[in-house]
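Engineer: Handing you this structure, nothing more for now.
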Amino acid sequence: RRQRQMCIRDRAEVGYFDPALDGGTASLSGGDQEFFYRVLLLGFQAVYEPGALVWHRHRREWKALRDTIYGYGVGLFAWWTCALTQKRDLQVLKLSLWWFGSHVIKQALHAFLRRPGSIPLDLALAELFGSIYGPYAYLRARQEANRPMST
């Protein structure tokens, strides 16, 4: 498929961020991945900019780290639920099942068995439970986003 470079007139075609994804919603995260997915799905070109800087806040407390990993699990599976329900992308179903089995479950099992190099069990379980909750979180956030705002 031919790659396209985005220009101002293409912004309407791509659309806005999904209001049911990211911080402040039940899905907790996933908005940037979903937006990037749409950009690539429309055939636009992604360009690497080595001079760009992104600053992330690193968690200093264990609970904050665990909550972040949980949120990433929720957001990833919320985004995949969005792609499945909004774009009818059946490839996402295959991908999410593969990722859940080959990464999430495997990581939790290795942590439970205390395999060398495995992450702590509570972090593995945080991602596992977040991944399980993600589809429900997206559907809940979608309902909230569709409610009329009260004035």
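The values are calculated or read from the model by the stated rules, or taken from the named source; none is laboratory data. This structure is a prediction, so every number in the text was calculated from the model and none was measured. No Cβ is skipped: glycine too gets one built from the backbone with ideal geometry, and neighbour counts run over all protein chains shown. With ligands, DNA and RNA removed, areas are computed over all heavy atoms of the protein, side chains included. Shrake-Rupley method; radii C 1.70, N 1.55, O 1.52, S 1.80 Å.
Engineer: Of the conditions (1) without any contact (Cβ under 8 Å) to a residue 60 or more places away in the chain; (2) outside any loop (DSSP other than H, G, I, E, B); (3) closer than 18 Å to Gly24 by Cβ, Glu144 clears all except one; give me its number.
Structural biologist: Only one criterion in (1) without any contact (Cβ under 8 Å) to a residue 60 or more places away in the chain; (2) outside any loop (DSSP other than H, G, I, E, B); (3) closer than 18 Å to Gly24 by Cβ is unmet by Glu144, namely (1).
Engineer: Pull up segment 23-34, narrow it to residues that are on the phi < 0 side of the Ramachandran plot and open to solvent by 50 Å² or more (accessible area, probe 1.4 Å), then point me to the one that is farthest from the chain's Cα centre (by Cα).
Structural biologist: Gly23
Engineer: What single numbered condition from (1) open to solvent by 80 Å² or more (accessible area, probe 1.4 Å); (2) of a type in the set (A, V, I, L, M, F, W, C); (3) over 27 Å from Ala124 (Cα atoms) fails to hold for Leu41?
Structural biologist: That leaves (1) as the condition not met.
Engineer: Another question about this same structure. Do any helices (runs of 4 or more DSSP H) lying entirely in segment 35-126 carry at least 2 residues that are over 18 Å from the mean Cα position of the chain (by Cα), and which ones are they?
Structural biologist: Passing ranges, in order: 62-86, 106-112.
Engineer: Also: Suppose we keep only residues that are aromatic (Phe, Trp, Tyr) and closer than 14 Å to Ala26 by Cβ within segment 59-95. Which one would you say is most open to solvent (accessible area, probe 1.4 Å)?
Structural biologist: Tyr70
Engineer: List the pairs whose first member sits in segment 64-86 and is in contact (Cβ under 8 Å) with a residue 12 or more places away in the chain, whose second member is outside any helix (DSSP H, G or I) and open to solvent by 50 Å² or more (accessible area, probe 1.4 Å), and whose Cβ atoms are under 7 Å apart, counting only residues at least 6 apart or on separate chains?
Structural biologist: Listed by first residue and then by second, the contacts come to Leu65/Arg59; Gly71/Leu28; Val74/Leu28; Gly75/Leu28.
Engineer: Gln143 - would you say it is over 23 Å from Val14 (Cα atoms) and either out of contact with any His (no Cβ under 7 Å at 6 or more places or on another chain) or open to solvent by less than 60 Å² (accessible area, probe 1.4 Å) (or both)?
Structural biologist: In short, no.
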